[in-house]
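*Asks:* Pasting in a structure now, in structure tokens, and then I'll have a few things to ask.
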Amino acid sequence: SDDALTAAMAALPPAQREVLALKIDGGLTFAEIAAVIGTSINTAAGRYRYAIAKIRASITDPEAVR
């Protein structure tokens, strides 16, 4: 549900939430995200992967993330 997704996103560390927002809402590439936040492309991509994995786990099993 939208509530589960909102809660999962709110539970992300700020750095992961920022990358997710820039990627999904902003439509930026990882290279562009890296430039915006001042990190490497690999770090930006990693934060995105971790964020997606955490959201997926949270929605699949909400108790697993708490």
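*Asks:* Under 9 Å by Cβ, and 6 or more places apart or on different chains, what pairs join a residue from the range 27-41 that is among the aromatic types (Phe, Trp, Tyr) with one that is in a helix (DSSP H, G or I)?
*Replies:* Every condition considered, the pairs that remain are Phe30/Val19; Phe30/Lys23; Phe30/Ile41; Phe30/Asn42; Phe30/Ala44; Phe30/Ala45; Phe30/Tyr48.
*Asks:* Residue by residue through the range 8-57, note down the ones that are open to solvent by 60 Å² or more (accessible area, probe 1.4 Å) and either in contact with a Gly (Cβ under 6 Å, 6 or more places away or on another chain) or of a type in the set (A, V, I, L, M) (or both).
*Replies:* If the condition is that a residue be open to solvent by 60 Å² or more (accessible area, probe 1.4 Å) and either in contact with a Gly (Cβ under 6 Å, 6 or more places away or on another chain) or of a type in the set (A, V, I, L, M) (or both), then Met9, Ala10, Ala11, Ile24, Ala35, Val36, Ile41 are the ones that fit.
*Asks:* Out of the helices (runs of 4 or more DSSP H) lying entirely within the chain, which hold 3 or more residues that are out of contact with any Pro (no Cβ under 7 Å at 6 or more places or on another chain), among the hydrophobic types (A, V, I, L, M, F, W, C) and at negative phi? It would help to see each step written out before you state the result.
*Replies:* On the way: elements: 2-10, 14-24, 30-37, 41-60, 62-65.
Counting at least 3 such residues, we get 2-10, 14-24, 30-37, 41-60.
The values are calculated or read from the model by the stated rules, or taken from the named source; none is laboratory data. Keep in mind that what you see is a predicted model, and the values were worked out from it rather than measured. Reconstructed Cβ throughout: ideal geometry from the backbone, glycine too, with neighbour counts over all protein chains shown. Only protein heavy atoms, including side chains, enter the accessible area calculation; ligands, DNA and RNA are left aside. Shrake-Rupley method; radii C 1.70, N 1.55, O 1.52, S 1.80 Å.
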